[in-house]
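Notes follow once the structure below has been shown.
The values are calculated or read from the model by the stated rules, or taken from the named source; none is laboratory data. Only a predicted model underlies this, so the values are computations on that prediction, with no experimental measurement involved. Because the Cβ atoms are built from the backbone with ideal geometry, glycine has one as well, and the counts that use them run over all protein chains shown. Ligands, DNA and RNA are stripped out before the accessible areas are found, and what is left, the full protein with its side chains, is counted by its heavy atoms. Shrake-Rupley method; radii C 1.70, N 1.55, O 1.52, S 1.80 Å.
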Amino acid sequence: MTSTQHVRGQPAETEAPVPPPPEPAPGRSGVSRRGLLGAAGAGLAGLAVGAAAGYAAGSEESAPTAAAAGTRTYPFYGEHQAGILTPVQDRLHFAAFDVTTDSRAELVELLKDWTVAAARMTLGLGAGEIGPTSGPYGAPPDDTGEAIGLPPAGLTITFGFGPRLFRKDGKDRFGLADQQPAALQRLPHFPADKLDPQRSDGDLCVQACADDPQIAVHAVRNLARLAFGRAAIRWSQLGFGRTSSTSTSQATPRNLMGFKDGTMNVKAEDPAATDDHVWVPSGADSKGQWLAGGSYLVVRRINMTIEIWDRQPLSEQERIIGRTKAEGAPLSGGGEFSQPDFAIMGSDDEPIVATDAHVRMVHPTNNGGAKMLRRGYNFVDGSDGLGRLDAGLFFLAYVRDPRTHFIPIQMKLGLGDGLSEYVQHTGSALFAIPSGIAQGGYVGQALFA
């Protein structure tokens, strides 16, 4: 999508050549947090011009339409955080962090440091001003270096806050308890869940998406390095092969079961739908006014019993999903984007779309009109000792309110979805995703103001 196709709320992409990070000034021994924050305002705007010719953060100026995909960039600053409506990239590195400091001031400093580093990395620059191969020879570099020579690859970095950032074991950790939104609670234990505590929850989250896996890993690695002494990774997940599309410019992808996934996903080109189903409106929660314009991120790690699924006849696979495997059309007829007709009966006097078919269970007409904006990814994390793949869907969904747009739907799926026989939920988390970041500001600033 070029900048001439910019949609309200969706960052316009730009493409430009990216030079190496700037050389350090002679005699510099390091970069202080205050120095980093100075770059977040006017300094970073100038940095952007130097880093990528013709690029300006948030700009809708004309951009090359046939540039190499690897040089694509998305503005970090704006009304909403990038990585939500942004056209889904091919790779993911997601990380949940536990805050290890008890100091509110240190937590704020961490968020400021993360903001500056993330803004730089989305431009294709190093996480720090000095660079991975410069600075004092006897000190660690301010960037890990594995992205040297690589373009930005459409990197987006999205931040979120978990329930335990506000209260942990009933204790107000950072003076934030009175601002915890009512909807920001630990997700319930759904039927058939088999959750691993080491793959669930977290105080903070970072979602790094890019078209190059090394760029996404580099982003999380450097944010984890900056967090040392203040926060530590609790768990993380790599993902490949997006399982949804957030823009009409993208074709519907397939999940590891071989079916098209996310056909009816909310799209960036439909602002009415994003307002109704994605963005938290102002006044929705007296304690959560700081979250207005943001969203909630539901995270579920869903393992698939691939080997059992692969032995099922095509007819049974299609019956369970409720769509054809070839085109993704509903079994009631039409094409991929046709609305399923749940009233049509087959020759056996049973509905053409089975009562426990996945498409019937999740369809908005059967869930009070609720929709989600999905950004999931496939994952394969090796295999077990019996030769079975540790594989499945890393489910990511942005919703206006998890109490209306996710929890009731997942409860229904856990009790009656025919697909439940072939999947197992092993990880779970919920995060509040603050609204976009202004130039010179930092992520979540409204919460701490």
ask   = Over all directions, what mean area does the Cα convex hull of segment 173-297 project, stated in square nanometres?
value = 10.7 nm²
request  = Provide the net charge surrounding A370, with neighbours chosen by a C-beta distance below 12 Å and charges set as Lys +1, Arg +1, Asp -1, Glu -1.
outcome  = +2
task = Pick out, in residue order, every one of the chymotrypsin sites (Phe, Trp or Tyr not before Pro) in segment 85-139 that is DSSP loop and has at most 14 other C-beta atoms within 10 Å; say none if there are none.
result = Y137
task = Write out the chymotrypsin sites (Phe, Trp or Tyr not before Pro) in segment 154-240 meeting two conditions: DSSP loop, and at most 15 other Cβ atoms within 10 Å of their Cβ.
result = F228
request  = Could you state the accessible area per residue of segment 159-227 in Å², with a 1.4 Å probe and every protein chain left in place?
outcome  = 40 Å²
ask   = Which shape class, rounded, prolate or oblate, goes with segment 290-449 when its Cα gyration tensor gives a ≥ b ≥ c as root eigenvalues, a/c under 1.5 marks rounded, and past that a/b bigger than b/c marks prolate?
value = oblate
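Counting other Cβ atoms within 10 Å, keep those with at most 10, restrict to DSSP loop, and tell me which trypsin sites (Lys or Arg not before Pro) in segment 299-402 are left.
Passing both the DSSP loop test and the Cβ count: R311.
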key: Subset of K194/K260; K260/K412; K168/K260; K171/K267 violating a 32 Å alpha-carbon distance limit   = K168/K260; K171/K267
ask   = In whole angstrom, how far apart do the alpha carbon centroids of segment 407-449 and segment 277-295 sit?
value = 15 Å
request  = Rank these residues by their accessible area, most exposed first, probe 1.4 Å: K168, K112, K194.
outcome  = K194, K168, K112
query = For segment 132-222, what is one quarter of the convex hull surface built on the Cα atoms, given in nm²?
reply = 9.8 nm²
inquiry  = Not counting ligands, DNA or RNA, and with a 1.4 Å probe, what is V88's accessible surface area in Å² rounded to the nearest 10?
reply    = 10 Å²
Fraction of accessible area attributable to carbon and sulfur, segment 108-173 (%, probe 1.4 Å) = 53 percent
